[in-house]
Structure formats: structure tokens, C-alpha cells
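Q: Before I ask anything, here is the structure I am working with.
The values are calculated or read from the model by the stated rules, or taken from the named source; none is laboratory data. A quick note: this is a predicted structure, and the numbers were derived from the prediction, not measured. Note that each Cβ is placed from the backbone with ideal geometry, even for glycine, and that neighbours are counted across all protein chains shown. These area figures cover heavy atoms from the full protein model, side chains too; ligands, DNA and RNA do not enter into them. Shrake-Rupley method; radii C 1.70, N 1.55, O 1.52, S 1.80 Å.
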Amino acid sequence: MRAGGGIPPAVLDTLEFPAALERVAAFAAGPLGAARVRARMPDADAPRVRDALAQVAELAALIITDDTLRAEPVPDLTESLALLRVPGSALEGTALGVFAVALAAAQVVGAALGRLERDAPRSAALRVPLPPRQLETRLREAIDPAGDVLDGASRELARARRAVREARAKLVARLERLLTDLDPQDRAPDAAVTVRAGRYVIPVRSTARSRVGGIVHDASATRATVFVEPPEVIELGNELRDREADEQREVLRVLRELTDALRPHADAIAAAWEMCVAFDDLCARARYSVEVNGFAPDIGGGPLKIRGGRHPLLLGGDLVVVAFDLELAPDEYTVLISGPNTGGKTVLIKAVGLLCLLAQSGIIPPIGPHSRLPVFTRVFADIGDRQSIAASLSTFSAHVAALRDILEHSDGDSLVLVDEVGSGTDPAEGAALAAAALRSLTRRHAVTLATTHLGALKRLASESVGVVNASLQFDADTLTPTYRLLKGIPGRSYGLAIARRLGVAGDVLADAERAVPDAERRLDALLADVEARARALAEREESLAQAEQAAIEDAARIEERAGALSRQERDVRQRERTADARARDQARGYLLEARKTVEAALGQARAAVDEATAREARRMLEKAIAETKDDGSAVGRSGGRLTWQLGDGVRTADGMVGHVREVRDDDQVVIESGAVRLIVRPEQIVEVLRTADEPAAVSTRAHSAGRPTARPADRPAATTEIKLLGLRVDEAEAELTQALDAAIQTDLPYLRIIHGKGTGALRELVHRVLAADPRVAHFALAPANQGGAGVTVVEFRA
């Protein structure tokens with residue numbers, strides 16, 4: 001991404017943008033991917049920024065569940081590609097070896113991107129047609145990793161190198177015999193066959209040179225030893241040179257052949273190489289997003305809204321980084337941050353600037369979900385001591401010069417960051433100048449964050465539309481910063497309180513307090529009261545959150561015990577079915593036997609009983625026999641509905657087992673199973689397990705069924721609430737996915753997800769899954785009185 005012309009390098013350096021890019025580049029697989037990250041610059045085109053962040057978020061969602069998804073490092077092909085495009089050129093072995101590495105990486109990256117087409121189509125769009133795989137195979141067969149041509153590159157090369165080895169061995173063997181045959185007085189100490197000027201020689205004493213004869217190719221530093229090629233081996237040396245020349249000609253032919261094979265595919269190779277570098281850049285940004293737990297913000301479409309923002313350069317160290325929330329209303333443009341030194345005001349405004357620059361550079365910054373960042377075409381930062389001896393500028397003069405530049409060039413698409421506005425001169429004049437400048441920036445709708453110690457500026461928010469006060473919380477008891485941003489409340493300076501803490505004399509402090517204007521004293525007292533009330537409210541909220549967390553943990557334990565009971569219930573149901581079938585068979589046998597007896601009795605008493613009475617007796621007996629058949633009906637069915645009474649054990653159509661506790665006026669039935677109460681219609685009761693007056697001998701299940709608890713998961717219907725407490729991340733993701741599918745299939749408008757607070761891992765998982773699900777319209781943490789940070793409520797698209 002290229003920067004617009006409105007963000008000077010000096011501003012990027014002031015906000016430490018290059019250092020932030022370095023943090024992201026550390027996640028790259030290779031140096032080219034890291035360099036691509038370092039070269040990223042803020043883009044002022046909103047659609048491009050949205051697309052870039054969506055691409056990163058898409059890949060980051062996959063990396064969370066599959067850490068094996070990685071880029072491949074590739075070497076730099078810039079110079080080799082340029083030479084490859086020169087007709088008739090021949091690349092060296094090292095360059096061809098580099099091409100082999102790049103082609104292998106391209107195959108791996110291309111295959112990875114191909115697998116992403118369904119789950120990450122934006123990332124898969126990086127894939128390009130790859131060069132033929134045979135090119136890589138041919139290079140691997142011909143060039144070793146060091147860039148040397150292998151013997152197997154061609155038959156001729158293998159034959160030539162074999163001839164070289166034979167000629168060399170023959171030459172060396174002859175020289176060793178000559179060296180052995182020399183008089184010991186003629187041999188140099190530790191003499192051995194060696195090479196000088198490309199010729200094989202033996203070392204002899206200078207005094208023996210004439211006796212040995214031949215060609216001298218070198219001498220020792222002391223001239224006491226000369227390196228001689230004896231006349232007997234000169235021809236063998238020439239033969240070796242000829243064989244080596246044959247080898248070099250064949251090596252050059254192989255290199256030219258390999259280069260000619262690559263040249264037609266130069267464009268495809270360049271595209272595949274670019275694909276690898278771009279994917280490394282993308283993977284680095286996605287891994288950074290996962291590491292800092294960042295969420296892609298909405299780009300444009302409203303005022304600045306940062307949720308859970310953290311300074312990118314403070315993460316990963318020993319410091320505990322406090323997240324901040326900063327949301328501007330549609331009619332708010334200027335935030336005036338006041339408070340004591342060391343409270344973090346400068347860090348805050350630099351963090352806001354850096355988060356915006358990273359997002360516009362296609363990097364998801366460390367911010368929470370539901371954030372929104374405008375696209376700024378210009379960014380101004382007047383932060384730090386601008387004193388310049390060379391330019392003869394004092395600190396105040398330098399700040400005024402910077403302020404002049406801001407006022408000349410800023411507009412409604414600008415972000416302005418000013419530290420200690422109006423400082424460095426008389427407080428009254430400085431405050432007047434600062435107020436006028438801030439009102440001018442506000443009228444232009446430039447988003448402005450300014451810090452100040454000037455008490456007079458704290459009243460600007462009440463006097464000017466579009467200006468809002470803010471402060472970073474300070475613990476009045478310990479006089480230490482908490483670094484929590486409080487919008488709408490100006491900060492106290494605590495100057496006298498800190499002086500008292502550091503031991504300044506009491507009479508001096510008393511004199512100083514009397515010198516404070518009444519208006520300032522009243523404002524300070526009011527702010528102290530507001531801070532005290534805010535602390536009391538925060539403590540109350542924390543107490544309620546702890547109580548809620550304890551309740552959630554208790555519910556999790558109860559649910560765990562219910563799960564154990566559910567396993568018992570399955571065993572009980574199986575025993576019930578077995579006992580029920582046995583009881584039905586026994587009852588049917590009894591009735592069949594009774595039928596024979598009754599038939600015999602009817603035959604004997606026919607003369608005394610009329611035919612109608614006989615038919616009625618037979619009908620009643622046939623009905624009793626039919627109702628004992630194991631065909632899915634239940635004993636006691638009358639007119640298509642079971643007969644039961646209060647206290648009876650029953651089973652519903654969705655598998656719940658319980659006891660009838662209440663029959664309401666609207667004919668609804670209340671069934672109780674352990675801690676679960678279910679309201680059903682009478683026709684939903686499909687089986688009576690045991691009635692109040694049923695003999696224990698007939699229904700053995702009455703002794704084993706007890707009062708089992710039905711789990712919600714046993715029912716086919718969706719639920720508006722799911723609990724993930726106590727689950728591992730992988731288990732929780734599966735449960736969450738099933739609950740989302742069920743809720744959407746049954747057209748539920750919303751779903752409450754109880755994940756608890758704990759370490760925040762479950763909450764982060766839930767938010768990532770929801771953010772990546774296109775069926776989700778909106779999700780957010782529940783209100784404090786409905787679970788707060790331990791519960792997420794998700795709304796589905798219509």
C-alpha cells in the first residue's frame with residue numbers, strides 16, 4: 001500500500017510507525033516478505049483498505065485453528081530474472097540453483113492457496129498459474145544446492161568428468177613415484193604432490209632444480225623450495241588440461257540449455273515469485289493480528305470509535321498494557337486530554353495515531369471488536385520537544401511553527417495530534433492561542449486529540465460545540481496513574497498533591513494553595529468529587545461482576561453434575577425398555593390365559609347369560625390384550641390420549657423423563673425432572689412410566705428410574721442460550737458452531753453465549769467465530785446486569 005501525499009515521513013517517525021512495522025515484519029517467513037511488510041504505507045482509499053483488512057481477518061481466522069498454515073521463504077530473483085530475459089544469455093549455476101528454490105516454494109504456496117479457495121477466497125485470489133513442474137525437476141537433477149552442476153546433468157558431462165578423474169589420478173600417481181625416487185637431499189621437507197598455477201607439481205630444494213629439470217611454476221617465500229613440473233609429466237598435465245576443458249565446455253552447454261528452458265517461462269516465474277512474497281507479507285500480517293488479538297475495524301462510515309485499543313509498541317514486554325476505549329459522537333471532533341504528568345496522555349494520542357496508520361496500511365492493529373476508524377488523507381503530529389538551535393527556534397516558537405502548518409493544511413479528512421498544546425509561554429496567552437486553534441480545527445471537522453496542563457482549556461468543552469474533555473484516571477490515594485481513559489471528565493493536575501507526597505514544606509504548600517484562583521480550586525474540588533463517585537461506581541460494578549462470575553461457575557458445576565446424571569438416565573432408560581417389554585409379555589400371557597378361562601366360563605354359562613353380555617365381555621378382553629402389544633402404544637391410552645394423574649412418571653416426545661406436577665387451566669401440563677421444569681401439551685406425553693396406583697411388581701422401572709434430569713442437548717429444538725464454561729477451546733468451538741447452526745435453522749433472532757471471564761480465551765474464540773460468520777448481524781458483550789464480560793449476545797441477519 002502506498003501512502004497518500006498527506007503523511008510526511010517526519011510524522012511517521014514521530015509516531016514510531018517504522019518500529020511498529022518492524023514488529024509485524026518479525027512474523028514473516030523470509031527476508032523478502034519482511035521487507036514487503038516494512039515497505040507498507042498508509043493508503044487513503046477506503047475500499048482498498050477494507051479489502052486489505054478483510055483479507056487479513058479471513059486468513060487470521062484460519063491460522064487460529066490451523067497453525068501449520070505458513071508461507072515459504074523465497075530468494076531474491078530480481079537480478080536473475082533481468083538476466084534471464086536477455087536473449088542468448090546463460091545463467092551461472094548459483095543463479096539456476098536460486099530458481100530451483102523459488103520454483104519449489106511456488107509449488108508449495110500455490111497448493112496452499114488452492115486449499116483456501118472455500119474458506120479464504122480473498123487469500124486464494126493471490127494464486128497464479130504456476131510454471132511447469134518439470135522445470136524445477138530438471139533444475140534439481142542438474143544443479144546442487146551450492147549451485148554446482150551435477151554429473152547427472154548430461155551423459156557427456158558424466159563421461160568428461162570421468163576422463164578428468166582418470167587423467168588426474170594417472171598424473172598424480174606418476175608424480176608421487178617421481179617424488180619417492182628423488183634423493184632425500186633433493187626433496188623439500190614434508191614434500192607432497194601439489195598444484196601451482198593450475199599445474200600439478202612436486203616441491204624440491206632449489207639446489208636440486210637442475211638435477212630434476214622441468215618447469216618451475218612457483219617458489220617458497222624463502223626461495224629454498226621450488227615447485228617443479230618434471231619433464232616426464234608435462235604431457236600428462238597437458239592431457240589433464242584437455243579433459244578439464246572438455247568438462248567446462250559441457251558444463252557451459254548444460255547451463256545454456258537450462259537457461260533456454262527457463263526463458264520462455266520468465267513471466268510465469270516472476271508472477272509465481274511475486275505470489276510467494278505477497279503471501280508471506282499477508283501471513284505475517286495475519287499472524288501479527290492473532291498475536292495481538294486484533295479485530296478488523298470498520299473503515300469509514302462514521303466517527304472514530306476505538307474499543308479495547310492498545311499501543312502496538314507496548315505489547316509483548318513486561319508491562320501490563322491497559323486497553324482504552326475512545327468513541328466520538330457524530331458532533332464531536334476534538335478531544336482535550338488533561339491530567340498529571342506520567343499519566344500516559346502522550347502515549348495515548350500516539351497510540352491513536354499509530355492504530356489508524358497501521359489499519360490504513362492493511363494491518364489489523366491491536367483493537368477490539370466493533371471499532372471504527374475513519375480514513376485520514378493527512379496526519380499531523382506535534383509531539384515532543386521541537387527546539388532547534390540550528391534554526392534559532394525556541395520550544396514555543398517551534399510549536400507555533402508546527403501549529404501554523406497544521407492550521408494551513410488540515411481539513412475534515414485530517415487527524416491532528418498535539419501534545420501540550422499552548423505550552424512554553426505565558427499560561428494565559430498560551431491557553432488563548434490553543435483555544436483559538438482548537439476551535440478552528442473543530443469547525444473544519446478535523447479529528448483532533450490534544451493534551452494540556454492548562455486549567456483554562458478545561459472549560460473549552462463547555463463553551464465550544466464539538467469539543468469534549470477527557471482524562472487518564474489517576475489514583476488520588478497512591479498518586480499513581482491507572483492509565484484508564486475517562487471521556488467527558490477533565491483531569492486534575494495533582495501538582496500540589498504530588499509536591500506534598502515528595503516532602504515539600506507545609507508552609508510553602510499552604511502559600512501555594514492560597515495562590516490558586518478560586519475558580520481553579522472549585523473546579524479541582526468538583527473533579528475530585530466526580531472521581532470519587534466514579535471509583536465507587538467502578539468498585540460496585542467489579543463486585544457485581546465477581547458475584548456474577550461466581551454464579552456462572554456454580555451453574556457450570558451444576559451442569560457438570562447434570563451431565564453425569566444424564567449418563568445415568570441413558571442406562572435407566574435402557575433398563576426401562578427391557579423391563580417394560582418383559583412386563584408387557586407377562587401381562588399379555590396372563591390375559592391370553594384369562595381369555596381361555598373366560599371363554600370356557602362363557603360356554604358353560606351361555607344359557608344363563610344373554611349374547612349381548614357375552615359380546616361385551618369378549619370386547620373388553622380383546623381390548624386389554626391389544627393394549628399390551630409392544631407396538632409403540634402405552635397402557636392406559638383412551639381416545640388417542642394417555643391417561644395419567646398428578647405424580648405419575650411420564651416420557652415426552654422429545655425424550656424428557658419426569659413426573660407430572662401440575663395441570664394448568666389452559667390444559668398445559670407441567671413436568672418436573674430434577675432441576676428442569678417443562679410445560680407441554682397433553683398430546684406431547686407419549687408414555688406413562690408408572691402411575692400412582694400401579695403395583696411395583698408389574699413395573700420394575702419404578703425402582704430404577706428415580707428422577708432423572710433431561711439435558712437440553714437431548715432435545716432437537718434450538719435454544720436461545722449456550723454455555724461454554726469448562727470446555728477446551730476446540731470443544732467450545734464445536735459446541736458454538738452447532739448452536740449457531742441450530743439457532744439460524746429455527747429462525748431464532750438472537751443467541752446468548754455464556755463463556756465466562758477467566759483468561760478471556762473462550763471470549764476471544766467466540767468473538768473470532770462470530771466476526772467471521774456472515775450470518776451474524778451484530779454481537780456484543782451483555783450489559784453488566786446480564787453477565788457483562790462473561791456473556792456475549794449475538795443477533796442474526798433477517
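Q: Looking for whichever is among the hydrophobic types (A, V, I, L, M, F, W, C), open to solvent by less than 10 Å² (accessible area, probe 1.4 Å) and touching a Lys or Arg at 6+ places or on another chain (Cβ under 6 Å) here; the options are Ala60, Ala105, Ala90, Ala100. Which one fits?
A: Ala100
Q: Restricting region 274-326 to residues that are β-branched (Val, Ile, Thr) and in a helix (DSSP H, G or I), which is farthest from Lys350 (Cα to Cα)?
A: Checking each candidate, the answer is Val277.
Q: Right, another one. Looking only at residues that are among the small types (Gly, Ala, Ser) and in a loop (DSSP other than H, G, I, E, B) in region 120-143, which one is farthest from Leu258 (Cα to Cα)?
A: Taking the candidates together, the pick is Ala120.
Q: For the structure I just gave you, tell me whether Thr259 is hydroxyl-bearing (Ser, Thr, Tyr), more than 21 Å from Leu157 (Cβ to Cβ) and crowded, with 18+ Cβ neighbours inside 10 Å.
A: no
Q: Checking the conditions here, which among Asp67, Asp76, Asp13 is of a type in the set (Asp, Glu), more than 30 Å from Arg768 (Cα to Cα), part of a loop (DSSP other than H, G, I, E, B) and open to solvent by 10 Å² or more (accessible area, probe 1.4 Å)?
A: Every option except Asp76 fails the conditions.
Q: Being open to solvent by less than 30 Å² (accessible area, probe 1.4 Å) and assigned to a helix (DSSP H, G or I): is that true of Leu113 here?
A: yes
Q: Next question, about the same structure. Does Glu235 count as under 30 Å from Arg256 (Cα atoms), charged (D, E, K, R) and either over 60 Å from the mean Cα position of the chain (by Cα) or open to solvent by less than 30 Å² (accessible area, probe 1.4 Å) (or both)?
A: The answer is no for Glu235.
Q: Moving to a separate point now. Of all the strands (runs of 3 or more DSSP E) wholly in region 150-258, which have at least 1 residues that are among the polar types (S, T, N, Q)?
A: 194-196, 225-229
Q: To continue, here is another question. Applying the selection to region 448-473, what residues are in contact with a Gly (Cβ under 9 Å, 6 or more places away or on another chain), within 19 Å of Leu326 (Cα to Cα) and open to solvent by 10 Å² or more (accessible area, probe 1.4 Å)?
A: Answer for region 448-473, where residues must be in contact with a Gly (Cβ under 9 Å, 6 or more places away or on another chain), within 19 Å of Leu326 (Cα to Cα) and open to solvent by 10 Å² or more (accessible area, probe 1.4 Å): Lys458, Ala461, Val468, Asn469, Leu472, Gln473.
Q: Condition first: within 30 Å of Gln55 (Cβ to Cβ) and in contact (Cβ under 8 Å) with a residue 60 or more places away in the chain. Now tell me which residues in region 739-768 satisfy that.
A: Answer for region 739-768, where residues must be within 30 Å of Gln55 (Cβ to Cβ) and in contact (Cβ under 8 Å) with a residue 60 or more places away in the chain: Glu764, Leu765, His767, Arg768.
Q: Let me ask something else about it. Is region 283-295 home to any residue that is without any contact (Cβ under 8 Å) to a residue 24 or more places away in the chain, open to solvent by 30 Å² or more (accessible area, probe 1.4 Å) and among the aliphatic types (A, V, I, L, M)?
A: no
Q: Quick one: is Leu326 over 19 Å from Leu486 (Cβ atoms) and surrounded by fewer than 24 Cβ atoms within 10 Å (Cβ to Cβ)?
A: no
Q: Checking the conditions here, which among Thr759, Thr737 is among the polar types (S, T, N, Q) and modelled with pLDDT under 85?
A: So the residue among Thr759, Thr737 that is among the polar types (S, T, N, Q) and modelled with pLDDT under 85 is Thr759.
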